[in-house]
Amino acid sequence: MELVEQLRGRQEAIARRWLEDTLATYAAETARRLDRDQDRFTNPVGYALRTGTQAVVAGLLEGRTAEVLSGCLDEIIRIRAVQEFAPSQAVGFVFRLREVIRAEVQGDSTLRPLASGLGELEERIERLGLLAFDLYMKYRQRIFELRVNEMKRSVAKVIERMNRFRPGAEGGGLEDPGTDGPSERGSG
Amino acid sequence: MNVLISLAAVVVLFLVGLLGGLPVLDIVFGILLPYAALAVFLGGLVYRVLGYARVPVPFRITTTCGQEKSLPWIRQAKLDNPSSIWGVIGRMALEVLCFRSLLRNTRTRLLEGGRLAYATSLTLWLAAMAFHWSMLVILIRHLRLFTQPVPGAVQWLQDVDGFLEVGVPVIYLSTLVFLVALAYLFLRRAVNPQLRYISLLDDYLLLFLLLGIGLSGFSLRHLIKTDIVAVKELTLGLATFRGVSLATLGTISPLFFGHLFLVCALLAYFPFSKLVHMIGIFLSPTRNLANNNRMVRHVNPWDYPVKVHTYEEYEDELREKMKAAGIPVEKE
Amino acid sequence: MPTPDEMAYYRQEELLEIDYRPPERGWMDTPVDFRRGSYIYPGKAKMLEILGLPNPRDWAVTDEDWKLPDNWKQIVLEGMAERLRKYRSFKVFMDSCVRCGACADKCHFFIGGGDPKNMPVLRSELLRSVYRKDFTALGKVLGKLGGARELTVDVIKEWFYYFYQCTECRRCSVFCPFGIDTAEITMMGRELLGLLGIYVNWVIEPVANCYRYGNHLGIQPHGLLDTLEFMADDIEEATGIRVDIPMNKKGAEILFVTPSGDFVADPGIFTCMGYMLLFHELGLDYTWSSYASEGGNFGLFTSHEMIKRLNAKIYAEAKRLGVKWILGGECGHMWRVLHQYMDTVNGPADFLEVPRSPITGTVFENARSTKMVHIMEFVADLIHHGKLKLRPERNDYVRVTFHDSCNPARAMGLLEEPRYVLRHVCNHFYEMPENTIREQTFCCGGGAGLGTDENMEMRLRGGLPRGAAVRYVQEKYGVNRLAAICAIDRATLVTVCDYWAPGVKVTGITELVANAMVFEGEHERKVDLRLEPIPGMEGEQESEGSGSDE
């Protein structure tokens, strides 16, 4: 894996290129800001993309385990799972890393002879893509859980109350307080 | 697209202005148009101010940017959250003179050991301050063309402004700052996609107009000099409504008329453009009202009665349930 | 044939020149694209009828035809003209913007999502473009070049989409050199939509409930009493104390009003229990009201007229019950209305007295006209005078940070009181980064009537800046609790934290106060108000509480 060795020396350039590629999935007006504002609190998306892509490239070239790589991808996917992307777009940026590395190899005459090492690296990137998909599903799932939990939180106490036995309770105490009134939550 | 149209418009205006160098037309460009532009400018501003003043402020909707006045032992942010008229004046002064709000861009930086450091992002604030203040200085400097004798203060400002003592005649610092700040403001708008997205023709047009005025003014002083004595005769004549002799007008270079015409265009356009922010900044209800809402009642002049659900209606609907639950009712 | 291992296998021209940037288009030419998870369901006809609002009908956002009245355009333009005559804010804000971009990156929805139309300047341009076309000379002449555009049904749809993607948090207004307040713009935009009968159900149903039953949830008087009784049961279990529930009590000294969210939803109820315990311990002569059982006011998210219609109940009830002054619970937009609107729309409250704490004798001069005091002001004063017996070590398992709610921060300036209280009831209090708190605080993403579930993705995007700051203090200081003085926060930040900073729970401040307070006649405190065991307090000894200010 001489290629990987060589690429490790350029991992910053690769990460930068990949980041630019990923930023390009946002509107141009937005992308520049995500890139330029270095403040992690006023620009959490840019921060996650920057640190995430760096960590993934490093981890990939160092041959880290799926668990580690998944941790590096986590924040980016968590963010993209709530942004207005189709699922393919949300995780698709991972596969752009392939092109980035190819371009890096292609653009350098010392690397070109080592191109045969690309195959294995690309296999790793494909596995990375699957990890991203797992994460994406995990977070989409969580969003739906959160929806359900909100619903539960708003009624749990009411039900608990209805089920509680209270000797001496009288009057309206046994009636569901919401029966006549409309409920808080509307639906379409 | 907007950039090109604006640029073209300003170039055309400038070229039209050059016509002022021709006989007869110099009367139009040197005397009639400046008066007309000034009339539009003043009339427009008065119209705007009256227009705003006529509209009431129904609610006191101060944006508070600091601690309110509450318990005596809690320190109030008297300028960022004023509760008195003096606080408001202070707040407005900071806004108008120092662009306080643009200074709020706090950015964090992670220091070694994971400590956060805070710094204010200054670029936009600096450019805005540089531009507005240098323009004010330039305007005041121009007073020397409209006064005889020139007031000491104007002379003094001029001396201070020229302290670099570079070039003959001396290049004023304010001119340089003005042009650099404008160039920055333009580049920022043209290069940053986010700003380009929100920019309108208005924005570019004004930048080019001001740049055109600045550059032509700079040229008049340093490159293609004109007969400054004749210019002063004209401007003083305009200012004192005494008029000026045709012979004098004839000796003024076309470049001056180009400069003057751009100024006229700016004056006439002023009341219709975003430049009315000059008035707006004083009238913004989120800034120019004290946050004393719970201390002093604010009256809405157009307040009107609305349909409410009264307690009687409420009890009528729910009386039996209230009685059953032991909640007191008005009518048994 | 080259194999995949070899570079020649790949078409090189595809590898270089990569540009995914969308073709540049002006925003006016970019039509609105209704994405699921980003819009809220429309108001039901029934709700509009209860309130007597125009054009009640059932429709869906995704319908091509929104069933607008035939003369919709005239209605909107006349509505706009009327508001330009009535609100200087609106008129000045329509003219003053110089598009400097200072606000562009200040909106939490833009920061978290990246949709350029969520930049505050563009949100106002949505209205401003129509204003230019129909109300300015230049716009009429120059048309699109002058930033003006024709009012069309698509524009109405765009307004709906984006004015219901604004939480009226006013963060952008802090940074604007002219103080242009997007909340004001959004309120105008929503009023104009309302003229056509376009509302969201999550706002207009609570409004209808509140109008008829006195609170957003539609809890009727017997139900309210019952709810509070059950809380009293839990209080008894936690502390051994039985608290009274004065309801609609005439002649009480103080009327207490709080958002109804705290009556049913977890974790708001614990804050509500905190109020009951606090008042019991102080022996306060207060009353709840079933008629004015809502401090919040979704009218603020509907129209200025609706603010007045819903808010009227509070003074009316104070008058009927003959109280001396009014105390208000922890809530965000409720305090915007109480502080900035109530006295104007329904005052003057000359039948009330200037609020005076019966415990400390402090006269709340800052509320001398409106006659309504914030619970945090009230409690801070109590602690300052050493009137509460506190054992903050009971809260030692809580490592808390404080989220400034938008409205108390930017429409009131209630910044120090809650911090003062927190520092006295908790030993572990940590601030989030400076540019995410106080007047620069980030919204929860669910304010202004957006706190429902169909727009969950949007809320989570909007909650990202807040979530990122919470996670920072979580990782750095081990923070496990987020305190907020707003009922909407207590509902929505739970979700935001679960997604962006799992492990951080949300709490009201009064809940922590009650957990730290030593009550007369309490039994051994083994569980907190959530009825969860207090770590390290399973077998505590009674000792002297520290009640005074240090």
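The values are calculated or read from the model by the stated rules, or taken from the named source; none is laboratory data. Because the structure is predicted, anything quoted here is derived from the model rather than measured. Positions of Cβ are generated from backbone atoms using ideal geometry, with glycine treated the same way; all protein chains shown enter the neighbour counts.
Return yes or no: is C:D233 in contact with a His (Cβ under 9 Å, 6 or more places away or on another chain), among the acidic types (D, E) and without any contact (Cβ under 8 Å) to a residue 60 or more places away in the chain?
Judged against the criteria, C:D233 is not a match.
Give the residue that is surrounded by the fewest Cβ atoms within 10 Å (Cβ to Cβ), with candidates limited to residues of segment C:291-332 that are assigned to a helix (DSSP H, G or I) and more than 13 Å from chain B (Cβ to nearest Cβ).
C:F298
What about A:R98, is it basic (K, R) and over 30 Å from C:R35 (Cβ atoms)?
When the stated conditions are applied, A:R98 does not pass them.
So which helices (runs of 4 or more DSSP H) are wholly in segment B:239-332 and hold at least 2 residues that are farther than 30 Å from C:D95 by Cα and either at the interface with another protein chain (Cβ under 10 Å from one of its Cβ atoms) or touching a Pro at 6+ places or on another chain (Cβ under 6 Å) (or both)?
Hits in segment B:239-332: B:311-324.
Return yes when C:P177 is of a type outside the set (F, W, Y), under 30 Å from C:Y131 (Cβ atoms), within 7 Å of another protein chain (Cβ to nearest Cβ) and crowded, with 24+ Cβ neighbours inside 10 Å and no when it is not.
So C:P177 fits the description; yes.
When the residues of segment B:118-151 are filtered to those that are free of Cβ contacts under 8 Å to residues at least 12 places away in the same chain and under 25 Å from B:A230 (Cβ atoms), which remaining residue is surrounded by the fewest Cβ atoms within 10 Å (Cβ to Cβ)?
B:P149
Let me spell it out: the conditions are (1) touching a residue at least 60 places away in the same chain (Cβ under 8 Å); (2) closer than 30 Å to C:S357 by Cβ, and B:L79 meets all of them except one. Which number is the exception?
Condition (1) is where B:L79 drops out.
So, in segment A:41-89, how many residues would count as being within 13 Å of chain C (Cβ to nearest Cβ), of a type in the set (K, R) and free of Cβ contacts under 8 Å to residues at least 60 places away in the same chain?
1
Scan the helices (runs of 4 or more DSSP H) fully inside segment C:94-168 and keep the ones with 3 or more residues being within 11 Å of another protein chain (Cβ to nearest Cβ).
Passing ranges, in order: C:108-113, C:120-135, C:137-142.
I'd like to know if segment B:210-220 contains one or more residues that are within 14 Å of another protein chain (Cβ to nearest Cβ), modelled with pLDDT of 90 or more and in contact with a Lys or Arg (Cβ under 8 Å, 6 or more places away or on another chain).
No: segment B:210-220 contains no residue that is within 14 Å of another protein chain (Cβ to nearest Cβ), modelled with pLDDT of 90 or more and in contact with a Lys or Arg (Cβ under 8 Å, 6 or more places away or on another chain).
Right, C:P355: closer than 30 Å to C:R309 by Cβ, touching a residue at least 12 places away in the same chain (Cβ under 8 Å) and buried (at least 23 other Cβ atoms within 10 Å of the Cβ) or not?
yes
Before we move on, is C:R21 within 30 Å of C:L145 (Cα to Cα), at pLDDT 80 or above, in a loop (DSSP other than H, G, I, E, B) and facing chain A (nearest Cβ under 8 Å)?
no
Could you please let me know if B:V191 is within 14 Å of chain C (Cβ to nearest Cβ) and at pLDDT below 90?
So B:V191 fits the description; yes.
Kindly indicate whether any position in segment C:451-462 is more than 14 Å from chain A (Cβ to nearest Cβ), among the small types (G, A, S) and buried (at least 22 other Cβ atoms within 10 Å of the Cβ). Before you say what the answer is, go through the steps one by one.
As a first pass, look at segment C:451-462 and keep what is more than 14 Å from chain A (Cβ to nearest Cβ): none.
No, there is no match, as no residue in segment C:451-462 is more than 14 Å from chain A (Cβ to nearest Cβ), among the small types (G, A, S) and buried (at least 22 other Cβ atoms within 10 Å of the Cβ).
Here's the yes/no breakdown for (1) closer than 23 Å to A:A27 by Cβ; (2) within 15 Å of the chain's Cα centre (by Cα):
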site: A:Y47; (1), (2): yes, yes
site: A:A58; (1), (2): no, no
site: A:E62; (1), (2): no, no
site: A:A66; (1), (2): no, no
site: A:C72; (1), (2): no, yes
site: A:I79; (1), (2): yes, yes
